[in-house]
Each structure stands twice: as C-alpha cells, then as structure tokens.
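The values are calculated or read from the model by the stated rules, or taken from the named source; none is laboratory data. Given the structure is predicted, the values throughout are model-derived calculations rather than measurements. All Cβ positions, even for glycine, are placed from backbone atoms using ideal geometry, and neighbour counts span all protein chains on display. Ligands, DNA and RNA are stripped out before the accessible areas are found, and what is left, the full protein with its side chains, is counted by its heavy atoms. Shrake-Rupley method; radii C 1.70, N 1.55, O 1.52, S 1.80 Å.
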Amino acid sequence: MSIDQFKYSRIPPEAEALRAEVRAFLAEALKDYPAVRRADSWMGFDAEFSRRLGAKGWVGMALPKRHGGGEASPFARYVVIEELLAAGAPVSAHWFADRQSGPQILHYGTDAQKERHLPAICRGEQFFCIGMSEPNSGSDLASIKTRARREGDKWVVNGQKVWTTNAHRSHYMIALVRTGENSKRQEGLSQFIIDLSLPGITIRPIKDLTGAEHFNEVFFDELVLDADAIIGTEGQGWGQVTAELAFERSGPERFLSSIALLHTLIDAVGRSPDALQAKEIGRFAARLVTLRNMSLAVTAQLAAGNNPAWEASVVKDLGAVFEQEIPEVAQLLCELPPTVQGGSDHAQVLAYLTQMAPSFSLRGGTREILRGIIARGLGLR
Amino acid sequence: MRDLFDSSVERLFSDLVTADAVLACEGGEWPTELWTAVEASGFTLALVPESLGGAGATWADVCGVLRLAGRFNLPLPLPEAMLANWLLGASGLAAVLGTLSVAARGTLRLENGRVTGAAVDVPWGRHVRHVVAVAAGAAPAVVLLPTEAATVVRTVNTAAEPRDTLKFEAVVPLASAALPTALSADVLKLGGAMMRAAQIAGALETVLAMATTYAGERVQFGKPIGSFQAIQHQIAVLAEHAAASVMSAEAAFAESDDRLARLPVMAAKICASEAAGIGAGVAHAVHGAIGFTHEHALHLTTRRLWSWRSEFGSLTDWSQQLGRALCGAGSQALWPSVTAGVLAAYEETAA
Ligand SMILES: Cc1cc2nc3c(=O)[nH]c(=O)nc-3n(C[C@H](O)[C@H](O)[C@H](O)COP(=O)(O)OP(=O)(O)OC[C@H]3O[C@@H](n4cnc5c(N)ncnc54)[C@H](O)[C@@H]3O)c2cc1C
C-alpha cells in the first residue's frame, strides 16, 4: 500500500475516442427516461437495454475476442461504464457479470465454462448475481455455513444466502460455499457457478425500505450440481473472492450513485445560485473530479497486473461518504421537501437517494471494514 | 526529470530543513544559508524556459518538489519564487535571481509606467527583494517590483510565516509586460492555490507518517494505541484525505502547461483545504497532550495546514467560483466538464 500508488493516469486517446459514441447512443436511448429512474443507477434492471449494449459490444468488452469480447483496454471499459452511470442508464442486469463474473470465469474457468458463459455475457444475455452474504455472515464473510458435499461426481449444496442482488432475475449465481473443514476458517471455501433454474433452489425477494425488490434470500435444499460447477480450485475460494475485491471496490459506481441528484440540484438551483448553493455544488464537483482521478489511478494499477486492494478501499470509503453526503446537503440547499409521489424531478430524486444512501456504505464492504483494511495497510494491525 | 528532482530535493531538505531551522525562522530570522543552498540547487528557475536561462521543466516535473516543500515545512518562498519566475518567463521577461515572491491580492494599478496600491498577503514580503504581480490598468500587466520601494505592514500566519502588506506609491517597475492573453488576471492566485494544494498534500503525508508511527509506539491499557479500532479508523480517514490531496495536486500539475488548468487546480485547492483541517484534527487527536506541546514537532506541520488552506483562496472561495460556473452552464455541462477536465463555458472568462 502507498499513497504514491495514486499516480495520475489520463485515459489514453484511443479509449477516450469511444466517449462521443457512447454519449450519442445514450442521448438517444434515454431520451424520455425520467430523472427518478436515472437515480436508480446500477440498480436499474432492464434486460432489453443490456442486450442492446451487448449488441454494441459494450458488455464484457475487455474479454478476449475468441470469447465474444472486444479485447478493449480497461480504460475503454471505464469510459463506457462511467458514461452509463453518469447518464443513469439501467445497467444492473449485466452489471455483476460485466464487472466481476466474466473476468473471474476468464481467469479461473475451464474451457467449457468459458464457452458456456462468456459469449452469452458479452451479448448481454446472461446475468449473474453474487452469493456471498448469509444471515449470520455479513462482514465476517469467512464464517459462512452454506456447504457443498461430494456425492460421486456431483456436489450437493445446502444452506442459505441473503441480500443477493438480482438473484430473482439472474441466470447464475457465483456462490462462496464451504467444501471442507479446516482449522483455519478461510480454508475449505470454494466458489460455484450455480444455475438458478435448477431444482432445490428457492429465491425470495426481500423488499428494501422503499418497498422495491432488488435483493433476495436464496435457499439451497439438497441442490445437486455437476462436478464442473466449481470454479477455480477447490479450497481456494477465499483467495479468489479477495482477488475480486479491488475490481469491486474501485470502479465509478463507488462514487457516482448520487450523480442524478447533483444534476437535478443544479437544475433546481438555477443559473444564479446563492452563496451557499454555489459553495456546496462547487465542493461536490471538486470531490467528484478527485475521486474519479483516484479511481482511474486504481484502474491503471489493475491494468498493470497489480493488486491495489488498499487503494480500492480508499476509493470506496471516500466515495461512499461523498455519495451519502449529496442527499444530506442537497436537502439543506432548496426549500423542496422530498416527494415520492408528485413533486418536481429534484424532489423525487432527493427522496429516492435519501432512502438509498444508507446502503452505499454497506454493500461491497462496510465503512468499518474498509477502514480496517486501510489501517492494516498502514501497519496498524 | 521528476525522479531526479524529487530525490535531489529530498536530500537537500532532509539535510537542511530541520525542526530547529524551521523554528529559528519562526522567530523572524531570514535563513540566508538555507535560501542560498536552495537557490544554488536551481529550483527557483525550474519553470523558466531554457531560452531565458531556466531549466525548462514542466509543472508535472515539479509537483514532487512542492509536495516535499510541504512535507519538510520549508520556511522559504520557494513555491512563490518558482511561480513568479514562471510568470515572468511566460510573459517574455527575464527571470530573477535572488529572493522573490508573488503578490496575488491587492489593489495594484499600473498607470503611466508607475505602480500604485497595496499588495496584500505577500509571502515573505519583508524579506524578499522582488515581488511579481499582475497589476490592473488599461490592460492587466505583469510587473516586477522592487520591495525596497514599498512600505511594509507586517503580518504573519499561524505558522509565523510572513504574509505582509506592501504599499507602493508611484513605483517604476523593474520590468513589465502585457499579461499573455492565454492567462487570466487571477493567474497568481490560481498558481498560488496550486502550490498550496501540493504543499498541503505533502504536509498531510508528514502528519500521516507521524500519527501512524506514534500510534504504534504509544502504549495505553497495555497495548499500542494503534491497536484500538477507534484510532485505526481515524488514521484511515487521515490517509484517505492525504491520498485525495496527493491525487488532486498531481492532477492539477499534470494538466497545467503554458496555462494553469483551472478546473483541476480549483479541485485540488478545494480538496486539499478540506483535507487540511481533517488531517490536522486527526493527527492531534492521536498524539494526545504531547502533540499539543511546543517541543513536539507536530505543530510545525499542523500550524502550516491551518494557514495554507486559507491562502490563495479558501475552500469556500474556490467552491463558490466553481459552483457558480457550473450552475451558469447548467446540469448537462457538469459531467462533460468533469471528463474533459475543463469548464468549457468558463475558461478565461474568470476573474
Ligand atoms: C443494497 C445491498 C445490496 C447487497 N448485495 C449483495 C449481494 O449481491 N451479494 C452479497 O453477497 N451481499 C450483498 N449485500 C450484503 C453486504 O455485503 C453486507 O450488508 C455487508 O457485508 C455487511 O454485512 P451485514 O449487513 O450483515 O452487517 P454486519 O456485518 O452485521 O455489520 C453491522 C455493523 O457492524 C459493523 N461491524 C461488523 N464487524 C465489525 C468489526 N469487525 N469491526 C467494526 N465494526 C464491525 C459493520 O461495519 C456495520 O456497521 C448487499 C447489501 C446491501 C445493503
């Protein structure tokens, strides 16, 4: 770890060249898209839209061509996803496959697994969810109890996952499961690609505090999996999961979740802000510029084959504070109470993001866990 | 050039810029030997084109030098001299050897070849021989002024660094030129903000290192205080803000060339100014009472952070400018401005 790893990294011109095309596509595709839907950001699910992006070559675009990808650089992918997020496009359906599952299958998967999943991911047709958390295992992920036992050449899975975003509308889950008993809890964990259409799986949406259904509880009852459902090496699941974290924690979705509110705030304030409005909007923009540069610096590290887990935690924690502060400050700047029905775009987006904001410092690792990682990197633990 | 600059400056500063040297300056002494050594290293001319006798370095080359000036509490107007000579060079004027600073605020006007008015908050104004300013008039002009012609009103900041008011009455500048059209009239404020952002980043690196080390050494309740989660998390927040300051300063320097990159510079000063207070607060909390003593070196850096954040435009000042520009341009302009690093509607209409 080191602060010096935050090296200023410009997006290379060939990647930057994509931006105009993405912007033009989004301007057209989201012409009539309401502001409050844009606030959904990477929680907005639209399978058809994901397929259209797949057809443009913008899903799994960094994967190899032989697997249906575009062999684009990480920066080209960055340009595409930050434009999608800034515009508030509904990208949730393919988000986890694009960010996490696809690269993981490429890295650890067998040829058959790559064949089965990667081309369909790149077409924007195969959706994944991430099954890590369990009722008694949140931050303390290594304590998970969902278990797979071998029977002949099959695996039989029993247990429960929870908070699994999109499980009710995904095709596959990549699940972290216990496959062995070891003295060290982190050992004996493995990852499986679970086909969610199989018998033995019950998926129940859990309403979030707004009443919307994004996440789920997922039950496995004598679920039978083929031997090749395991991904990577048996017993190496913990290492595989932690290797994903730098990808999971440093992207633009870690600081752009409230950008829709920044947009409506500027509109609501109008061309002549008062002193306080100007100050807070300017301050947000400055932090946005800086967070983006930090996130790009981590992208450069990842592209160079390093594991910037510490730097990614810095981006995610600062980013979550930023995302959460936008609704807190926005409600102080205009006399426009938040509305869930009726009201202006700004009042609706304010209502929505005010209610979503608590999750920003939970999903993907809580504030306390991230600060613990940062402290460890500093040698404090 | 960057690595060479960083390593030679780090060597120079770690040899000469000791806590005692810094404290001696705070007593009001001008550190002649230290200045001579720094000037001999050539850095006051780093940003001057080679054709005018300088090193022809880019802003990106010197970001590390400025961070190091912050890290070591350098009690000299090296950042100011570098900025002043850069502006002279950019205006086609010869660079100046010897003590030099900038006047970024005040009421200076150039009329009939003479400068009148007050230069406010001039760093080391009482000690330097020359100051560079942008004087108002029929058109803004870059002027090089002799300080011996000024009346000095002494002011010092929280780190006892001179920030003097210099009053000029019909003084003939030693050199003057029209402000290049590519530069805005607030160029010295903007440049000063960029310098302070890098110095703050460096200062935060220092307090982070001090807090981390102390937390590992100080034992209470039978264990190092760094083993308490409350302390760990506070230092993690300090590290995050130090990283954000470093990143934003590096971006501002990297994007500046013949002109200063206004949006990245504003972002850097805003983020650094916010980070300064947070970082100083955490560092003091971690150090307990010992860090509140004159004997402990922590205050050498925190007292600088508390002034630097307000100099050359505070968080509020720059945020308001940026916020007004963004609102004026409308919400659709926000994201394109961020990705381009440029406030299209705003550039050069500022100030
Ligand atoms: C919107 C949303 C979507 C999600 N999507 C998914 C998903 O798709 N897949 C998935 O697997 N999970 C998902 N999660 C779950 C998420 O990963 C967990 O919420 C997170 O890991 C925290 O676990 P927990 O909620 O059980 O809280 P807990 O771990 O019980 O934590 C509660 C509080 O205690 C603190 N705490 C815990 N341990 C410590 C410690 N050692 N020191 C100090 N403080 C501590 C935490 O920081 C937190 O403040 C999602 C969560 C949300 C909110």
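Within segment A:103-115, can one find any residue that is closer than 19 Å to A:N166 by Cα, part of a helix (DSSP H, G or I) and within 16 Å of the ligand (Cβ to nearest atom)?
Yes, segment A:103-115 has at least one match.
Being crowded, with 20+ Cβ neighbours inside 10 Å and part of a helix (DSSP H, G or I) is the requirement here; does A:V298 meet it?
Working: crowded, with 20+ Cβ neighbours inside 10 Å: yes; part of a helix (DSSP H, G or I): yes.
So A:V298 fits the description; yes.
Tell me which residues, restricted to segment A:249-293, are hydrophobic (A, V, I, L, M, F, W, C), within 9 Å of chain B (Cβ to nearest Cβ) and either in contact with a Gly (Cβ under 8 Å, 6 or more places away or on another chain) or free of Cβ contacts under 8 Å to residues at least 12 places away in the same chain (or both).
A:I259, A:I266, A:A275, A:A278, A:I281, A:A285, A:A286, A:V289, A:L291
Does A:K145 satisfy the condition of being within 14 Å of the ligand (Cβ to nearest atom), open to solvent by 70 Å² or more (accessible area, probe 1.4 Å) and either assigned by TED's automatic domain parsing to the domain that holds A:L63 or without any contact (Cβ under 8 Å) to a residue 60 or more places away in the chain (or both)? Before you say what the answer is, go through the steps one by one.
Numbers: within 14 Å of the ligand (Cβ to nearest atom): yes; open to solvent by 70 Å² or more (accessible area, probe 1.4 Å): yes; either assigned by TED's automatic domain parsing to the domain that holds A:L63 or without any contact (Cβ under 8 Å) to a residue 60 or more places away in the chain (or both): yes.
So A:K145 passes the test.
Just to verify a result, which residue in segment A:191-218, among those that are farther than 30 Å from A:T354 by Cβ and surrounded by fewer than 17 Cβ atoms within 10 Å (Cβ to Cβ), is farthest from the ligand (Cβ to nearest atom)?
A:P199
How many of the residues in segment A:316-371 are more than 13 Å from the ligand (Cβ to nearest atom), within 19 Å of A:A286 (Cα to Cα) and either small (G, A, S) or not assigned by TED's automatic domain parsing to the domain that holds A:K279 (or both)?
Number of matching residues: 2.
So B:T158 passes all but one of these: (1) of a type in the set (S, T, N, Q); (2) open to solvent by 60 Å² or more (accessible area, probe 1.4 Å); (3) touching a residue at least 40 places away in the same chain (Cβ under 8 Å); (4) within 14 Å of chain A (Cβ to nearest Cβ). Which condition number does it fail?
Failed condition: (4).
Please work out which residue is surrounded by the fewest Cβ atoms within 10 Å (Cβ to Cβ), limiting yourself to segment A:149-190 and to residues that are within 12 Å of the ligand (Cβ to nearest atom) and farther than 18 Å from A:N136 by Cα.
Of everything passing the filter in segment A:149-190, A:H168 is surrounded by the fewest Cβ atoms within 10 Å (Cβ to Cβ).
Kindly indicate whether any position in segment B:280-300 is at the interface with chain A (Cβ under 9 Å from one of its Cβ atoms), acidic (D, E), without any contact (Cβ under 8 Å) to a residue 60 or more places away in the chain and open to solvent by 20 Å² or more (accessible area, probe 1.4 Å). Give the derivation first.
We begin by selecting, within segment B:280-300, every residue at the interface with chain A (Cβ under 9 Å from one of its Cβ atoms); these are none.
Looking through segment B:280-300, none of the residues is at the interface with chain A (Cβ under 9 Å from one of its Cβ atoms), acidic (D, E), without any contact (Cβ under 8 Å) to a residue 60 or more places away in the chain and open to solvent by 20 Å² or more (accessible area, probe 1.4 Å).
Looking at segment B:209-230, can you tell me whether even one residue there is more than 15 Å from A:R371 (Cα to Cα) and in contact with a Cys (Cβ under 7 Å, 6 or more places away or on another chain)? Working first, answer last.
We begin by selecting, within segment B:209-230, every residue more than 15 Å from A:R371 (Cα to Cα); these are B:209-211, B:213-225.
With in contact with a Cys (Cβ under 7 Å, 6 or more places away or on another chain) added as a condition, the list becomes none.
No, segment B:209-230 has no match at all.
Sort out which residues of segment B:256-286 are assigned to a helix (DSSP H, G or I), more than 17 Å from the chain's Cα centre (by Cα) and more than 25 Å from B:C25 (Cα to Cα), and write them in order of number.
Our first condition is that a residue be assigned to a helix (DSSP H, G or I); within segment B:256-286, this holds for B:262-286.
Next cut, more than 17 Å from the chain's Cα centre (by Cα) only: B:278-286.
Hits for segment B:256-286 are B:I278, B:V282, B:A285, B:V286.
Out of all the residues in segment A:313-320, is one or more of a type in the set (S, T, N, Q), away from every other protein chain (no Cβ under 12 Å) and in contact with a Leu (Cβ under 9 Å, 6 or more places away or on another chain)? Working first, answer last.
Keep residues of segment A:313-320 that are of a type in the set (S, T, N, Q), which gives A:313.
Within this subset, residues satisfying the condition of being away from every other protein chain (no Cβ under 12 Å) are none.
No, segment A:313-320 contains no residue that is of a type in the set (S, T, N, Q), away from every other protein chain (no Cβ under 12 Å) and in contact with a Leu (Cβ under 9 Å, 6 or more places away or on another chain).
State the number of residues belonging to segment A:28-60 that are free of Cβ contacts under 8 Å to residues at least 60 places away in the same chain, assigned to a helix (DSSP H, G or I) and within 23 Å of the chain's Cα centre (by Cα).
Selection size over segment A:28-60: 4.
So, of the residues in segment A:348-381 that are assigned to a helix (DSSP H, G or I), surrounded by fewer than 21 Cβ atoms within 10 Å (Cβ to Cβ) and among the aliphatic types (A, V, I, L, M), which turns out to be nearest to the other protein chains (Cβ to nearest Cβ)?
Applying the filter and picking the extreme gives A:I369.
Count, please, the residues in segment B:310-336 that happen to be surrounded by fewer than 22 Cβ atoms within 10 Å (Cβ to Cβ) and within 26 Å of B:L66 (Cβ to Cβ).
The number of residues fulfilling the criteria is 4.
With the structure loaded, tell me whether B:A198 is more than 9 Å from every other protein chain (Cβ to nearest Cβ), within 28 Å of the chain's Cα centre (by Cα) and surrounded by fewer than 24 Cβ atoms within 10 Å (Cβ to Cβ) or whether it fails that test.
On the way: more than 9 Å from every other protein chain (Cβ to nearest Cβ): yes; within 28 Å of the chain's Cα centre (by Cα): yes; surrounded by fewer than 24 Cβ atoms within 10 Å (Cβ to Cβ): no.
For B:A198, the condition - more than 9 Å from every other protein chain (Cβ to nearest Cβ), within 28 Å of the chain's Cα centre (by Cα) and surrounded by fewer than 24 Cβ atoms within 10 Å (Cβ to Cβ) - is not met.
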